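The structure under discussion appears below in the form of structure tokens.
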Amino acid sequence: MSNATEETPELSVIIPVFNEGDNLRALVARLIPALACVKSFEIIFVDDGSSDNTLDVARELNAADPRITALSFSRNFGKEIAIAAGVDAARGRGAVIMDADLQHPPEAIALFVEKWREGYQNIFGVRQSRDTDSPARKWLTRYFYRLFRTFGEIGLPEGAGDFRLLDRVALDALKTLREQARFSKGLYAWIGFRSVGVPFDVAERHAGESKFSYRKLTRFALDGLVSFTTVPLKIWTYIGMAVAAFALANALYYVLETLILGVSAPGFATLVVSITFFAGVQLISLGVLGEYIGRVFAEVKGRPLYLVQERIGRRIGAANLDAGPAAKAEKAKF
Ligand code: UDP
Ligand code: MG
């Protein structure tokens, strides 16, 4: 507590890392010059349970420059949770969140800071194209956003992602949201504050491959939809009413047919088809209920969002874990 300016850097840079050992040095080499636009900064790597040398590299970087700090999770908790841990640990008057693979150009931070000084509090990078994504991923992303725009309870700005600068007020707001199924893009939009988009070009990944498999992406998309809309839950009432109306009309038709034309034996195929079809409809609606109940279950267990195994650098995060009850539990553990 000797020097107030040293205690409170102007900007924190939060970087979730998962097996990015080959990227950290190149990232830091470009990031530090790019941070000349602020008076002081700290870099926080949140190691999301990497199994490569990521943590060793972080340790070396910290030894060379104490402004570079890191905390490591006890296992892989996912990028969204890693961002939450970074936000908990950040001490800056603002924080940039970015990927470790240099897809988010550090030079864009200067543009974010400019907007920050103009008084914006939630400054998000808007990617100009998705050319670096595979065609299938591009297509799926497009349909996800279309779906989200139609049914989601909040608007997601097109092309906005995790690369952004949040002012202290936005960071503190974000810290109060302790949900387990985290869809950060939705949370940033949900907190609001004075927001503005800054265009940037997404670069190719520096080294390694994307850490998001289609399975992880599907999970993520479901988290996003289920945390920000209850339409899938409610739609079954209407589908049920439509199906029941159809069944009634059908029954009426059969009664009339029997009255006019007499009893007919065939209809076996119709029966089998309709039974299996409606069994399918019922299972889908049960599945939708399951998606929500599963998330309710995860939330009521009230587990901490993450567990920290190691902190590298000045008691990183220790002073900043007093956001909510869950964060207090987290603090009590360490
Ligand atoms: N990441 C993470 N935990 C994970 C997966 C990814 O912390 O479980 C980090 C990763 O190290 C990178 C960022 O999240 O810094 C973005 O990941 P990636 O580049 O693989 O995603 P993409 O660019 O394909 O969306
Ligand atoms: Mg990437």
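Observations on the model:
- Computed FRET value (nearest 0.05) for Ala63 with Tyr143, which takes r as the C-beta separation and R₀ as 51 Å: 0.65
- Computed from the C-alpha gyration tensor, the three semi-axes of the ellipsoid equivalent to the chain are 49, 21, 19 Å, from longest to shortest.
- A 1.4 Å probe over all protein chains sorts Ser12, Ser195 by accessible area into Ser195, Ser12, starting with the largest.
- Greater than 32 Å apart at Cα, pairs in Lys234/Lys301; Lys39/Lys301; Lys79/Lys301: Lys39/Lys301
- When a 1.4 Å probe is rolled over the protein heavy atoms, the share of accessible surface on segment 69-165 that falls to carbon and sulfur comes to 53 percent.
- Distance from segment 72-93 to segment 112-168 (C-alpha centre basis), Å: 20 Å
- Segment 216-256 - Rg and Dmax from Cα coordinates, angstrom: 17.1, 53
- Applying D = kT/(6 pi eta Rh) to segment 122-230, where Rh is the Kirkwood radius over alpha-carbon pairs, T corresponds to 20 °C and eta to 1.002 mPa s, the Stokes-Einstein value obtained is 143 µm²/s.
- Given R0 = 45 Å, the distance between the Cβ atoms of Thr270 and Thr132 translates into a calculated FRET efficiency of 0.30.
- In this structure Thr132 has an accessible area near 40 Å², from a 1.4 Å probe over the protein heavy atoms.
- Quotient of the Cα radius of gyration of segment 48-109 and 2.2 N^0.38 Å, N being its number of residues: 1.17.
- Working from the Cα coordinates of segment 14-66, the gyration tensor eigenvalues give, after taking √(5λ), semi-axes of 20, 11, 10 Å in decreasing order.
- For the chain, adding -39500 (n - 2.57) for each run of n ≥ 4 DSSP H residues and dividing by the number of residues yields -16000 deg cm²/dmol at 222 nm.
- When the Cα positions of Ile68, Leu11, Gly152 are compared along the charge dipole of segment 1-155, Gly152 comes out farthest toward the positive end, with charges on each C-beta of Lys, Arg, Asp and Glu.
- Using the 1.4 Å probe convention, the accessible area of segment 168-244 works out to 53 Å² per residue with neighbouring protein chains retained.
- Packing-based order for 279-287, 94-102, 50-58, using average beta carbon neighbours within 10 Å, highest first: 94-102, 50-58, 279-287
- Computed over the chain, relative contact order equals 23 percent, with contacts defined as Cα pairs under 8 Å that lie 6+ residues apart.
- For the chain, DSSP calls about 35 percent of its internal beta bridges antiparallel.
- Fraction in percent of alpha-carbon pairs per bin - 5 Å, segment 166-262: 2, 9, 11, 10, 13, 13, 9, 6, 5, 5, 5, 4, 3, 3, 2, 0
- On Cα atoms only, tilt of 268-300 relative to the major axis of the chain in degrees: 30 degrees
- Note on segment 101-148: Cα convex hull, mean projected area over all directions, 4.6 nm².
- The C-alpha atoms of the chain define a longest principal axis, and helix 108-117 lies at about 90 degrees to it.
- Summarised in one figure, the compactness ratio Rg/Rh of segment 1-109, Cα atoms and Kirkwood Rh, is 0.94.
The values are calculated or read from the model by the stated rules, or taken from the named source; none is laboratory data. Keep in mind it's a predicted model, so treat the numbers as computed, not measured. Note that we place each Cβ from the backbone using ideal geometry, even for glycine, and neighbour counts take in every protein chain shown. Heavy atoms of the whole protein, side chains included, go into the accessibility calculation; ligands, DNA and RNA do not. Shrake-Rupley method; radii C 1.70, N 1.55, O 1.52, S 1.80 Å.
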